[in-house]
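Novice: Sending over a structure as structure tokens; questions will come in a sec.
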Amino acid sequence: MRILLPALAVLAVTIALPRAVQAETIVKERFGCHTQEVTDRLFKLVMAGDESGFGQLLKGSLASGECRYWKPGEDVRLETRTMTYGCLALTTGQDRCYWTPLSAIEKAN
């Protein structure tokens, strides 16, 4: 038990440390949103075939600045990621990141 507790403490600190920010380039036009919930909601509307709902939510989110479009060739930094999304920000400036499908930065095989 004496060895287990310090080992768990070291593991917890290691997991909590921020990872190095990774530079990437947008390869596919995609949208991203400041909150992962809005990005998820938009993709669920697409999957459900609700083009009207998707269009309305995306238009409003783009107008409010909650979401943005990424254009191919833009240089971004990958701040954090999940299995399917990455939080991307422009490499220039201190912009907040936008949750975007990783397909925006993944090159086709």
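Just so it is clear, none of the values below were taken in a lab; they were calculated from the coordinates. Nothing here was measured: the structure is a model prediction, and the numbers come from that model. Glycine gets a Cβ as well: all are built from the backbone with ideal geometry, and neighbour counts include every protein chain shown.
Novice: Ranking Y69, Y85 by Cβ neighbours within 10 Å, fewest first, what do you get? Before the final figure, lay out the partial values.
Specialist: On the way: Y69 14, Y85 21.
By the 10 Å Cβ count, ascending, the order reads Y69, Y85.
Novice: I've got another one for you. Quick check: residue separation of E106 and K44 times 0.36 nm, minus the Cα distance between them. What number comes out in nm? All intermediate terms of the calculation are to be shown ahead of the outcome.
Specialist: Numbers: separation 62, 0.36 × 62 = 22.32 nm, distance 2.13 nm.
So the extension gain works out to 20.2 nm.
Novice: Mind pulling the per residue volume of the convex hull built on the Cα atoms of region 18-104? Å³ is fine.
Specialist: On the way: hull volume 8.1 nm³, N = 87.
Value for region 18-104: 93 Å³ per residue.
Novice: Mind checking which aspartates and glutamates have their C-alpha under 19 Å from K59, skipping anything on the same chain fewer than 8 residues away?
Specialist: Hits, sequence-local ones excluded: E29, E37, D40, D50, E51.
Novice: A further question on this structure: Quick one: what are the phi-derived ³J(HN,Hα) couplings along region 35-42, Karplus 6.51/-1.76/1.60 with θ = phi - 60°, whole Hz, x for glycine and proline?
Specialist: For region 35-42, the Karplus curve yields 10, 5, 4, 5, 4, 4, 4, 4 Hz.
Novice: Under the Kirkwood approximation applied to all pairs of distinct alpha-carbon atoms, what is the hydrodynamic radius of region 59-109 in Å?
Specialist: On the way: mean 1/r = 0.0856 Å⁻¹.
11.7 Å is the Kirkwood radius here.
Novice: Run the quick spin-label model on K59 and T92: label points 7 Å from Cα toward the beta carbon, then report their separation in nm to one decimal.
Specialist: Distance between the two pseudo-spin positions: 3.1 nm.
Novice: Here's another thing I want to ask about it. Enumerate the residues in region 90-109 having an amide nitrogen under 18 Å from the point lying 7 Å beyond the Cα of E37 toward its Cβ.
Specialist: Answer for region 90-109: 97-100.
Novice: For region 22-30, just list the computed ³J(HN,Hα) in residue order, Karplus coefficients 6.51, -1.76 and 1.60, θ = phi - 60°, integers in Hz, with x standing in for Gly and Pro.
Specialist: Karplus-based 3J(HN,Hα) across region 22-30 equals 10, 7, 9, 10, 5, 10, 9, 5, 8 Hz.
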